[in-house]
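The values are calculated or read from the model by the stated rules, or taken from the named source; none is laboratory data. Since the structure is predicted, the reported quantities are computational estimates derived from the model, not experimental observations. Virtual Cβ from ideal backbone geometry, glycine too; neighbours counted across all protein chains shown. When the accessible area is computed, the model is the full protein with side chains, heavy atoms only, and any ligands, DNA or RNA have been set aside. Shrake-Rupley method; radii C 1.70, N 1.55, O 1.52, S 1.80 Å.
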Amino acid sequence: MSYVDEIIEQVIKQNPAEPEFHQAVKEVLESLRVVVEANEEKFRKDALLERLVNPERQFKFRVPWVDDKGQVQVNTGYRVQFNSAIGPYKGGLRLHPSVNLGIIKFLGFEQIFKNSLTGLPIGGGKGGSDFDPKGKSDREVMAFCQSFMTELCKYIGADTDVPAGDIGTGAREIGFMFGQYKRIRGVYEGVLTGKGLSYGGSLARTEATGYGLLYITEEMLKCNGQDIAGKTVAVSGSGNVAIYATQKAQQLGAKVVTVSDSTGWVYDPDGIDVTALKEIKEVKRARLTEYKNYRPNSEYHEGKGVWSVKVDIALPCATQNELDIEDAKTLVSNGVIAVCEGANMPTTLEATEYLQKNGVYFVPGKAANAGGVATSALEMSQNSERLSWSFEEVDSKLKGIMVNIFHNLDSAAKKYGFDGNYVVGANIAGFEKVVDAMNAQGIV
Ligand code: NDP
Ligand code: 2IT
């Protein structure tokens, strides 16, 4: 059996009931087959793939907190420190009832290659909890965040592991966590990114993931003889990534006609009103049903369906496996030309293959959404030098990073004979730097 197949089998056997982690490992290792085969003897002897798929360290802990009725609640917290070959662990904290160890491992594994693609010195990590911020009071969210950080603070630090936001973790949660870290550890340092601007945050970090997604989409289309201006776009999700992806798409002259949340989706034939969307989601923390109050001409639909609209470009920005084979077939039959992933692993493996086979340009999340973590690394740089850069400076660095990522994955795909396959290109380009660093550092 080939080394790649052996490791895939081993991961499934050793990590039962973690289907998302299996999926992420499969996607990466399948892409790396050509590189692994060329170095099979050395990689086997060094157990390189075994070291790559096993986290360096993982923490699972109890998070007790008291709700507004005086009832004690208990959640589970996680932090997986996956790979520190190229820098301190870096990656977000997800707060969502679906969180379990397998989800955090899939996200942490993806993060290794994503962070490598940014070209910045950050290793891969991820964490979170099955706590659901939805419907909780600010005090309850604070109680949870303080309890979560009381344990997490033992394992993180500005030079060891730097968490950030992800689903359910935004500016409010990062603020509460930062306050508790500082109180317990007694150090004022850049231990988290996505901080508020008054206490060490970076301008453009809030916008970075969505903006970065559009910068890479624009560059990819340009290199394939297409222009983003005038295109119709479907966005899913209505959180941080979706909002700023929508905003930048509109600034670039495209028309975004959909957004969604976990209960339904909106179709706005005149183009999504970002100001209304921000008010509903960032200020009121309300459902998308409210959108119709701002835009009477729009439609609200319960359930799934965002991919049924005829568009040129699809940008999944909600969650994993939200775009399946049936959705891919609908998109293709509606003439979609590009799918670029704002979320982490939003497209199933089967759907990805179908899209690629049908000539759709497909940019995977670990490249397309890398603008968020890249800007987090820029926030770390600003914290280290105790300076703040202007919005324009951070934004122009972000754009440069995204354009560079596209060219790196395009070249890696071409170099190994997979011209236009940006999944293979991203995985190989991300892997090469990590492996080089792992080899240089010996068996650790
Ligand atoms: P938010 O919490 O701000 O928004 C998440 C959005 O996705 C919400 O609209 C939410 O709907 C929807 N959603 C979440 N879970 C589900 C689900 N199970 N089914 C359907 N819809 C769902 O998160 P972000 O915008 O930060 O993250 C979105 C994606 O982007 C995630 O995959 C994340 O890992 C990825 N990402 C985020 C980065 C960042 O900087 N924030 C960087 C790179 C990637 P509802 O409000 O109803 O829950
Ligand atoms: O998935 C991701 O890259 C993030 N949630 C952002 C991580 C970060 O450290 O900014």
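Observations on the model:
- Under-5 Å amide H pairs with Val256, H placed in peptide plane, nonlocal only: Val233, Ile272
- Additional length obtainable on full extension of the chain from Asp132 to Lys182, 0.36 nm per residue less Cα span: 15.6 nm
- In the stretch 387-444, the alpha-carbon atoms span a convex hull of 113 Å³ per residue.
- Inverse of mean 1/r across different Cα pairs in the stretch 283-387, Kirkwood, Å: 15.8 Å
- Put simply, the C-alpha atoms of the stretch 91-188 give a gyration tensor, and the ellipsoid matching it has half-axes of 22, 18, 11 Å, longest first.
- Stretchable slack from Asn39 to Glu432, in nm (0.36 nm times residue separation minus alpha-carbon distance): 140.3 nm
- Cα shape, the chain, gyration tensor, a/c 1.5 rule: rounded
- For the peptides 209-217, 73-81, 308-316, the ranking by mean Cβ contacts within 10 Å, running from highest to lowest, is 209-217, 308-316, 73-81.
- Stokes-Einstein translational diffusion, the stretch 350-397 - Kirkwood Rh over all Cα pairs, 0.890 mPa s, 25 °C, in µm²/s: 187 µm²/s
- Peptide ranges 280-291, 404-415, 6-17 listed from the most packed, as the mean C-beta count within 10 angstrom indicates: 404-415, 280-291, 6-17
- With Cα atoms as the point set, the radius of gyration and Dmax of the stretch 43-132 evaluate to 15.5, 58 Å.
- Calculated accessible area for the stretch 227-357 comes out at 39 Å² per residue, all protein chains present (probe 1.4 Å; ligands, DNA, RNA ignored).
- Extension gain (nm, one decimal) between Ala17 and Tyr294, 0.36 nm per residue minus Cα-Cα: 95.4 nm
- Summary of packing: across the peptides 178-184, 347-353, the per-residue average of other C-beta atoms within 10 Å ranks them, highest first, as 347-353, 178-184.
- FRET E, pair Ser198, Thr263, Förster distance 30 Å, beta-carbon r, rounded to 0.05: 0.30
- Each label was represented as a point 7 Å from its Cα along the Cα-to-Cβ direction; for Glu350 and Ser396 these points are 4.8 nm apart.
- Integer Hz, Karplus 6.51/-1.76/1.60 couplings in order for the stretch 128-139, x for Gly and Pro: x, 7, 7, 5, 10, x, 4, x, 8, 6, 4, 5
- Within the chain, percent of DSSP bridges classed antiparallel, to nearest 5: 55 percent
- Solvent exposure of the stretch 3-76 as accessible area per residue, Å², 1.4 Å probe: 55 Å²
- When the solvent-accessible area of the chain is split by element, carbon and sulfur atoms take up 50 percent of it, the probe being 1.4 Å.
- Taking only Cα atoms of the stretch 1-79, radius of gyration then Dmax in Å: 18.5, 61
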